[in-house]
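The values are calculated or read from the model by the stated rules, or taken from the named source; none is laboratory data. Predicted model, so just to flag it, every value in this text is computed and none were measured. Positions of Cβ are generated from backbone atoms using ideal geometry, with glycine treated the same way; all protein chains shown enter the neighbour counts.
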Amino acid sequence: MAKVTDNRRGIATKEGLGTIANRLVKLRKEAGLSQAQMAEKLGISQTVVSDYERGALRLHGELILKLSEILSVSADELLGRETNKPKVRPSGKVQQLFEEVTALPRRQQDKVVEFVSAFVRQQQSAK
């Protein structure tokens with residue numbers, strides 16, 4: 001099992017690794033992704049994603065960067081170094097839809113943004 005250093009005492013602990021693994025599970029679920037979907041985005045098997053989430057495997061630098069990008073969080077947040085910034089990010093179907101929109105040509109993306117912006121303004125004024 002990989003070791004994680006406790007910053008207060010410089011001692012390697014299993015608890016630190018479990019915390020990172022738990023955070024990975026939480027962020028993946030917040031992003032509305034299954035382990036299989038995460039595995040596909042990373043180009044690895046679902047079993048390996050499960051191993052990371054159980055703390056059986058240690059996250060390495062390149063993987064941390066890929067996970068940060070996929071989960072739309074900073075590497076610091078993924079590692080638990082940035083906890084005081086509340087973030088609002090799309091999740092589940094909304095995130096999937098926005099990912100699909102990014103594949104559209106720029107003009108069509110602008111139309112989607114225009115529509116969503118108008119909808120949000122309308123909802124806010126109805127409150």
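Tabulated data for the structure shown
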read-out	value
Candidate set: the stretch 104-115, residues that are at pLDDT 85 or above and hydrophobic (A, V, I, L, M, F, W, C); chosen: the one surrounded by the fewest Cβ atoms within 10 Å (Cβ to Cβ)	Phe115
Close pairs from the stretch 24-37: first among the basic types (Lys, Arg) and assigned to a helix (DSSP H, G or I), partner surrounded by fewer than 15 Cβ atoms within 10 Å (Cβ to Cβ) and at pLDDT below 90, Cβ under 9 Å, at least 6 apart	Lys29/Ser91
Answer from Lys66, Lys93 - the residue that is of a type in the set (D, E, K, R) and at pLDDT 90 or above	Lys66
